[in-house]
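Reviewing the structure listed below.
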Amino acid sequence: MSEISVPRPRILVVLPESKSAKELVVSLEEDEADVLWVHEGQSAYDILDTEVVNALIYPLRQTRIDGLRLQKVARERNASICAIAIATPEEIELGIEAMREGAYDFQLMPLNFAKIKAVLERGLSYQQLVGEVSNLQRRLDERYRFGGIARRSSAWQRIYRQVEQVAQSKTSVLIRGETGTGKGEVAKAIHQQSRRRGEAFVEVNCGALPEGVVESELFGHEKGAFTGAATARKGRFELADEGTLFLDEVGDIPPPTQVKLLRVIQDGRFERVGATQTRGVDVRLIAATHRDLDSMVDSGAYRADLFYRLNVITIEVPALRECREDIPLLVDEFVRQFAEDNEKSFSGISARALDILIEYEWPGNVRELKNCIEGMVVMSSREGMLQVDDIPRYINRRERTFSEVGFRVGMSIKEMEKMAIRETLKAVGNDRRRAAEILQIGLSTLYRKEIEYNMR
């Protein structure tokens, strides 16, 4: 085991006294682990009741040791504990059951120190990551939580600083970025940090409004101004008076309305549709778009003077694929949120599942990730940890071609089978349940093949 991520991890080894068990303990201690070695279940329970333990190595079936019960108690004390079950070749099915119940992995007898320590290293590293995410989430102050935003990437730290700089001014802000990146959350953050935080924050999606009603929605209308106008109605500018108006997808505003929008930005005055009386408002304007307004101005599709008034200060919101380090934090937050909303008990997501989510391109950005996690939580038939097979198939797709994996003419069927198993396991991050599904074999068969080909 190279350097374990947890400083001096405390490892509880529950194995009957034997030469191999003693050698394992010595080997772990040489790697600067704090090892607690006991020989039966009751002693293990006593330790779990009084000590903080990072990892547990235990047999599935031994005299005076009920492995699955011990694992359950350990997870009640520490939900993220790295539990590694030790099984005989005849106990593969029981090992699979242990993983379903929350074990990080299981290893077959005889004890292979290198493999056990490699699994420990991965499990403890993941445990630390979960802890860091949880601690970071608790420690994030209002500066990093405003508007529902919780990010730690350098790109988002820059956005936080920009928000703080512009929040106190009255200057118009243009927020640019792909659909689903969180432009609306940035707009809310600016409002919440401003002197207008006690006043209205009014949001309107210009792209969702039919062209014929945009002007009425923004500026209001008088009674009888058009068919169906049975009463006078305030527009969004009036509703946002003394507060903040957020125009989402401002690039979709039609040219005739662009003229009136420019006027109200310049002098704070407008007329309702069908009115002759001019009204004044004091509004902080924030706009957002996913469109290339520069090109639209060049082509004449968007007024240059309006663009320049909107684009006094620009905040660029990056795509999620450009700040993948934010994904673990976002996933953790969404799992907690949707577990609570749906009255389910989820403590997080497995390391292998998280790896797949991190690697995915997320064309729909944070909105797509949020919807994905909601679906996983709602549709999962288990509780505890979300797993790889909870991920939608369109995301969990890691197919490789025949030539990519190195098959060649002259290879034996056994060689091809071994390579297929090895490459499939590699592609799915050693998620054996998913690998078995892709290979169209039973999980037990997969484990037996690994033993046959000396892959465990």
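Could you list, in sequence order, all residues of region 219-242 that are of a type outside the set (Asp, Glu), surrounded by 15 or more Cβ atoms within 10 Å (Cβ to Cβ) and under 18 Å from GLU199 (Cα atoms)? Listed by number, the residues that qualify are GLY235, ARG236, PHE237, LEU239, ALA240. Please determine whether any residue of region 374-383 is free of Cβ contacts under 8 Å to residues at least 60 places away in the same chain and polar (S, T, N, Q). Yes, there is a match, as at least one residue in region 374-383 is free of Cβ contacts under 8 Å to residues at least 60 places away in the same chain and polar (S, T, N, Q).
Within region 157-175, the set of residues being surrounded by 20 or more Cβ atoms within 10 Å (Cβ to Cβ) and within 24 Å of the chain's Cα centre (by Cα) comprises ILE159, VAL163, ILE175. Residues in region 308-361 that are part of a loop (DSSP other than H, G, I, E, B) and of a type in the set (Asp, Glu) were compared, and the one that is farthest from LYS426 (Cα to Cα) is GLU343.
Of the residues making up region 269-295, those that are touching a helix residue (DSSP H, G or I) at 6+ places or on another chain (Cβ under 8 Å) and assigned to a loop (DSSP other than H, G, I, E, B) are GLU271, ARG272, VAL281, VAL283, HIS290, ARG291.
In region 82-109, the residue that is surrounded by the fewest Cβ atoms within 10 Å (Cβ to Cβ) out of those that are more than 15 Å from TYR447 (Cα to Cα) and modelled with pLDDT of 90 or more is ILE84. What are the residue pairs meeting all of these: first residue in region 294-322, first residue assigned by TED's automatic domain parsing to the domain that holds ALA167 and under 21 Å from VAL264 (Cβ atoms), second residue assigned to a loop (DSSP other than H, G, I, E, B) and of a type outside the set (Phe, Trp, Tyr), Cβ atoms under 6 Å, and 6 or more apart or on different chains? Filtered contacts from region 294-322: LEU310/SER172; VAL312/THR171; VAL312/SER172; ILE313/THR171. Taking region 238-267 as the range and being on the phi > 0 side of the Ramachandran plot and touching a helix residue (DSSP H, G or I) at 6+ places or on another chain (Cβ under 9 Å) as the test, only GLU249 passes. Number of residues in region 367-389 that are of a type in the set (Ser, Thr, Tyr) and either assigned to a helix (DSSP H, G or I) or at pLDDT 90 or above (or both): the value is 1. Determine whether region 285-304 contains at least one residue that is acidic (Asp, Glu) and in contact with a Cys (Cβ under 7 Å, 6 or more places away or on another chain). No, that holds for no residue.
The values are calculated or read from the model by the stated rules, or taken from the named source; none is laboratory data. Not measured: the values here are computed from a predicted model. We place every Cβ from the backbone using ideal geometry, glycine too, and count neighbours over all the protein chains shown.
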